[in-house]
Protein chains: 2
Amino acid sequence: MTDPLLADLQKTIEGEIPICAHMGIEVDSYDQETLTMRAPLAQNHNHQGTGFAGSLNALCTVCGWGRIYLLARELGIPPRIVIRRSTIKYLRPVDQPRIIARCLPIDPDELSHFVAMLKEKGTGKIDLHIEIADAEGPAVSLHGSYVVLADH
Amino acid sequence: MTDPLLADLQKTIEGEIPICAHMGIEVDSYDQETLTMRAPLAQNHNHQGTGFAGSLNALCTVCGWGRIYLLARELGIPPRIVIRRSTIKYLRPVDQPRIIARCLPIDPDELSHFVAMLKEKGTGKIDLHIEIADAEGPAVSLHGSYVVLADH
C-alpha cells in the first residue's frame with residue numbers, strides 16, 4: 001500500500017479499533033470512487049463455518065466509514081465521522097476465504113452536495129451502500145447513514 | 001452461570017465464533033423473557049474511546065440469536081438460526097465500561113405463533129428488538145429478523 005492516505009486509514013483502523021485488528025481488516029483498494037476492504041473468513045466465521053453476521057456488518061460499516069474518512073482527509077477536514085443508522089440484508093452465506101466489502105460509488109449529485117456542505121459548514125450527512133459480493137452477486141447489502149461532525 | 005442452557009450458549013458463542021471470544025461477550029442473564037449479554041468496552045472501543053459500531057451491532061445481533069437459541073433448545077428443536085436482516089440506530093455514544101445488550105420480551109401473540117410454527121414445521125421467522133441502554137435510556141436500538149431453518 002503506497003498511497004499514504006490508505007496507509008493512514010489502515011493504521012487508524014487496526015491501531016485504534018481493537019476488534020478491527022482481531023478481524024484482520026485490511027484496506028484493499030481505492031480509486032477515488034470505490035473503496036474495498038477485506039478480512040479473512042478464518043478469523044470471522046460463525047459456528048457453521050460461514051461469515052459471522054457481526055463481522056460482516058462490522059466490515060461493511062468500517063468500509064463506509066473509511067470511504068468518508070478518505071474524502072474528509074482529501075478535503076482537509078477533520079475526519080470526525082459517525083454512523084447514525086444502517087440496514088443490512090444477509091442474502092446468502094458468505095464462504096469465500098477472503099471476505100471483500102465494497103463501498104459503491106456515490107451518486108455524483110449527492111456527493112457534490114455533501115462536499116459543498118463539508119466545505120461550507122464542516123459537517124454533513126450522506127447515505128452509502130456497501131456490499132459483500134461474489135461471482136453469484138451480492139451476498140450482503142448494507143445501507144448506512146454517515147455524518148461528519150463539526151470540529152468544535 | 002449455573003443454568004446448563006446458558007452455559008451451553010456461552011460455550012457455543014465463545015468457542016465457535018472467534019470474534020465473539022475477542023469481543024469478550026458473556027451471557028449475562030435470562031428469565032425466560034429477557035436475555036442480556038455483555039461485553040467490555042476495553043475490547044470494543046473505537047478510535048474515540050466509545051463503543052465501536054461494529055461491536056455494538058455484533059453484540060446486539062448475537063443477543064437476539066441467543067434468545068432464539070435458548071427457545072429452540074427449550075423446545076428440543078435443532079438451533080439452526082440465522083439473521084436475515086436488521087436495522088440499527090446508533091442514538092448516542094456508548095461509554096459504559098460494561099456494554100450490556102438486552103433482547104426485549106417478545107409480544108406474547110407473536111411468540112405463540114412462532115412456537116406453533118416451530119413445533120409444526122420445525123421452521124419459523126420472528127422479529128426481535130435488542131437494545132443497549134443506560135440510565136439516560138436507549139443508546140443503540142436494533143430490530144432484527146431471525147429465522148429458524150428446518151433441519152434437513
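Any read-out appearing in this document is the output of simple, stated calculations on the displayed coordinates, not a laboratory observation. Worth saying up front: this structure is predicted, and the values here are computed from it rather than measured. With ideal geometry, Cβ positions are generated from the backbone for all residues, glycine too; neighbour counts draw on all protein chains shown.
So which residues in the stretch A:1-54 are without any contact (Cβ under 8 Å) to a residue 60 or more places away in the chain, away from every other protein chain (no Cβ under 13 Å) and farther than 19 Å from B:Asn46 by Cα, if there are any at all? Listed by number, the residues that qualify are A:Met1, A:Thr2, A:Asp3, A:Pro4, A:Ser29, A:Tyr30, A:Asp31, A:Gln32.
Within the stretch A:78-88, the set of residues being more than 21 Å from A:Ala133 (Cβ to Cβ), of a type outside the set (D, E, K, R) and surrounded by fewer than 17 Cβ atoms within 10 Å (Cβ to Cβ) comprises A:Pro78 only. For the residues B:Leu75, B:Leu91, B:Leu104, the requirement of being surrounded by fewer than 19 Cβ atoms within 10 Å (Cβ to Cβ), within 14 Å of another protein chain (Cβ to nearest Cβ) and not charged (D, E, K, R) singles out B:Leu91. Just one of (1) within 11 Å of the chain's Cα centre (by Cα); (2) hydrophobic (A, V, I, L, M, F, W, C); (3) surrounded by 19 or more Cβ atoms within 10 Å (Cβ to Cβ); (4) over 21 Å from B:Thr12 (Cα atoms) fails for B:Ile126. It is (1). A single member of A:Thr2, A:Thr61, A:Thr50, A:Thr12 is among the polar types (S, T, N, Q) and under 20 Å from A:His143 (Cα atoms), and it is A:Thr61.
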